[in-house]
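To keep things clear, I will list the structure first and then write my remarks on it.
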Amino acid sequence: MKSFKITLLAFVTLTLLAFSSDTVKNVNIEDSVVKWTGYKVTGQHEGTISLKKGTLMFDGKTLTGGKFVMDMTTINTTDIEGDYKAKLDGHLKSNDFFGVKKYNTASLEFISVKGNGTNYNVKAVLIIKGIKDQIEFKMQVSEDSATAKLKIDRTKFDIKYGSASFFDGLKDRAIYDEFDLNVNLKF
């Protein structure tokens, strides 16, 4: 009888641990896509940035956290080609924008996650150029993927080039302060 009670207690304990432990899912960086869109008075440009690594944390099927590192050296413009593409890619990597020689990665870490099932509201700390800022966004999660749309104010990370908020007289050469990140994660 004593061994039955010990076995039953062990079974119940292990069962409870199985339901309460967090699961870490590694993001498949090869199949995941981070698209950016930057806006200016006369139009927009878009491209991609590669993830270096990423994880999502779950308690059962409920999203509880996440951490990501983006490889800023992979900034790639996809809406133009040739010399103008090379020039824009180089300018985005320069100190006027992301300064990738010194700051070759950017990171995002979830602070809080609210919601359940498939829709979540996420608060996170974004670090670009060594500067931290808190952002909020919505994330949709399915069984093996997640999507999110983030709007980032670049001036909060000391990226002021072409910003009408800081420079007068730019007229049609002004670049808007906010850019978008559309994220499609596979895990």
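Angle, helix 82-93 long axis vs. longest principal axis of the chain, Cα atoms, 0 to 90°, nearest 10?
Compared with the principal axis, the helix lies near 60 degrees.
At q = 0.09, 0.20 Å⁻¹, what is the log10 ratio I(q)/I(0) for the chain, with the Debye formula run over Cα points and no solvent?
Debye curve over Cα of the chain, log10 I(q)/I(0) at q = 0.09, 0.20 Å⁻¹: -0.41, -1.39.
Find which of Gln44, Asn26, Val100 sits farthest along the positive direction of the dipole of region 22-186, computed with +1 on the beta-carbon of Lys and Arg, -1 on that of Asp and Glu, about the Cα centre.
The listed residue farthest towards the positive side: Val100.
Show that you can apply the helix-only estimate: for the chain, add -39,500 (n - 2.57) for every DSSP H stretch of four or more residues, divide by all residues, and state [θ] at 222 nm to the nearest 500.
-5500 deg cm²/dmol
Going by average Cβ density within 10 Å per residue, which order do the peptides 31-37, 83-89 take, highest to lowest?
So the order, starting with the most tightly packed, is 31-37, 83-89.
Where does helix 2-20 land angle-wise versus the long Cα axis of the chain, in degrees 0 to 90, nearest 10?
Approximately 20 degrees, to the nearest ten.
Using 0.36 nm per residue, how much length does the chain from Asp83 to Asn184 gain when fully extended, once their Cα-Cα distance is taken away? Write out the running numbers ahead of the final one.
Numbers: separation 101, 0.36 × 101 = 36.36 nm, distance 2.90 nm.
Full extension from Asp83 to Asn184 adds 33.5 nm.
Gain in length, Lys138 to Asp158, computed as 0.36 nm per residue apart minus the alpha-carbon separation, to one decimal in nm?
Separation in residues times 0.36 nm, less the Cα-Cα distance, equals 4.7 nm.
When only Cα pairs under 8 Å and 6 or more residues apart are kept, what is the percent relative contact order across the chain?
Working: 400 pairs, mean separation 40.5, N = 187.
So the answer I get is 22 percent.
Evaluate the charge dipole of region 109-186 about its Cα centre and quote only its size in Debye, nearest 20, assuming +1 on the Cβ of each Lys and Arg and -1 on the Cβ of each Asp and Glu.
Its charge dipole is roughly 60 debye.
What whole number of Å gives the distance from the Cα centroid of region 19-90 to the Cα centroid of region 113-187?
Centre-to-centre (Cα) distance: 11 Å.
Can you give the charge dipole size of the chain about its Cα centre, rounded to the nearest 20 debye, using +1 on the beta carbon of Lys and Arg and -1 on the beta carbon of Asp and Glu?
620 debye
Search the structure for amide H atoms under 5 Å from the amide H of Tyr176, placed 1.01 Å from N in the peptide plane, and list their residues when 5 or more places away or on another chain.
Tyr39, Lys40, Val41
Could you check the simple spin-label distance between Ser145 and Thr55, using points 7 Å along Cα→Cβ, in nm with one decimal?
Going by the 7 Å Cα→Cβ label model, 2.4 nm.
Here, each number is a calculation from the coordinates, and none is a lab measurement. Since the model is a prediction, treat every value here as computed from it, not as a measurement. Reconstructed Cβ throughout: ideal geometry from the backbone, glycine too, with neighbour counts over all protein chains shown.
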